[in-house]
Amino acid sequence: MAALTGRFPALVGFDLMDYSPSRVARGASSTETDKAIRWWREDGGIVTVSWHWNAPKDLVDTEEVPWWKGFYTKGTTFDLPKAIHDRNSEERELLIRDIDAAAEQLQRLEDAGVPVLWRPIHEASGEWFWWGAHGPDIHKSLWRLMYDRLANHHGLHNLIWVWNGQAADWYPGDQYVDIIAEDIYDGEGNHAPQQGKFLQASRYTSAHKLVALSETGALLDVDDLRASSAHWSYFMLWSGHF
């Protein structure tokens, strides 16, 4: 991008995926935290972090659905409702273990002075990820559990909580959300400002919240964006062929 335009992007997205304990147990490793620290310190860029959270256990792990697809609903039989409702269950214990593993990396970022646009358990209402497969109430409970564990138990204060549930009935509450975000893949080469989606997201709550386009398949046309009512606080192009 710098070679083409002479300018670097302001924001880069990182992922805690390979810090998930069920992936680490199968040999996965990651340098994402180190990359994020370098991006902040050396390039002066903004850091956003997602988490393609491999389920804590019960991965399908077949040739068709291998273990590294364990963040998909089809990739695991993990009993999330049991983990939420039964505080004494193994499922609950493993849920906390995994959140603590994420906390270790987020703590490294805080120690390095890096503020983080933290966007976990995203696209929940689509139900293609296991954290959204059991409906809005379970998702909201998981979000609040994660918030309490990271903010209150671990005392992390560098996190800006970006909620990306993408439907009003999945919204966990104003006290648990700093920024509301949408992910939009609306046809190749569509550079429109996505005003309708912005207005929809801004109505998930009556509180005044920033609204971000946390994933998009096409760069927005900035001139059209300025002329519209879609005041996205930021937008991030996804990787790969996009």
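No lab work stands behind these numbers, since they all come straight from the coordinates. For clarity, every value in this text was computed on a predicted model and none was experimentally measured. Neighbour counts run over all protein chains shown; Cβ positions are idealised from the backbone, glycine included.
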Discussion item. Using square roots of five times the C-alpha gyration tensor eigenvalues, list the equivalent-ellipsoid semi-axes of the chain in whole Å, biggest first.
Written reply: 29, 21, 19
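Quickly rank 163-176, 200-213 as a protection proxy: mean count of other C-beta atoms within 10 Å, highest first. Please report the intermediate quantities before stating the final value.
On the way: 163-176: 17.9, 200-213: 16.4.
Per-residue Cβ counts within 10 Å, averaged per peptide and sorted highest first, yield 163-176, 200-213.
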Worksheet item: Can you work out the base-10 log of I(q)/I(0) for the stretch 38-166 at q = 0.11, 0.13, 0.18 1/Å, using the Debye formula on its C-alpha atoms alone?
Response: -0.40, -0.56, -1.01
Worksheet, complete the sentence: If one compares the long axis through the Cα atoms of helix 32-43 with the longest principal axis of the Cα atoms of the chain, the angle in degrees, nearest 10, works out at 30 degrees
Worksheet item: Does anyone have the angle between helix 136-147 and the longest principal axis of the chain? Alpha-carbon axes, 0 to 90°, nearest 10?
Response: 90 degrees
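Which of LYS57/LYS140; LYS35/LYS69; LYS35/LYS197 have a Cα-Cα distance over 29 Å?
In this structure, LYS35/LYS197 lie more than 29 Å apart at Cα.
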Practice prompt. State the Cα centre-to-centre distance between the stretch 188-242 and the stretch 30-53 in whole Å.
Written response: 22 Å
Fill in: Taking the stretch 1-101 and dividing mean pair separation by its residue count, relative contact order in percent (alpha carbons under 8 Å, at least six apart)
23 percent
Worksheet item: In nanometres, what is the gap between the two model label sites at ASP18 and ASP58, each 7 Å from Cα along Cα-to-Cβ?
Response: 2.8 nm
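Using 0.36 nm per residue, how much length does the chain from ALA151 to ALA28 gain when fully extended, once their Cα-Cα distance is taken away? The partial results should precede the final answer.
Numbers: separation 123, 0.36 × 123 = 44.28 nm, distance 2.69 nm.
Full extension from ALA151 to ALA28 adds 41.6 nm.
Among residues other than THR48 whose Cβ falls under 13 Å from its Cβ, what is the net charge (Lys/Arg +1, Asp/Glu -1)? Walk me through the intermediate numbers first.
Numbers: positive: LYS35, ARG119; negative: ASP15, GLU32, ASP178, ASP183, GLU215.
Net of charged neighbours comes to -3.
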Worksheet entry | Angle between the chain longest axis and helix 90-111 axis [Cα atoms, degrees, rounded to 10] | 40 degrees
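Work out how much length ALA168 to LEU219 would gain on full extension: take 0.36 nm times their residue separation and subtract the Cα-Cα distance, in nm to one decimal.
Working: separation 51, 0.36 × 51 = 18.36 nm, distance 2.55 nm.
Separation in residues times 0.36 nm, less the Cα-Cα distance, equals 15.8 nm.
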Discussion item. Let me check I've understood the local charge: for ASP186, count other residues with C-beta under 12 angstrom from its C-beta, Lys and Arg +1, Asp and Glu -1. What total comes out?
Written reply: -3
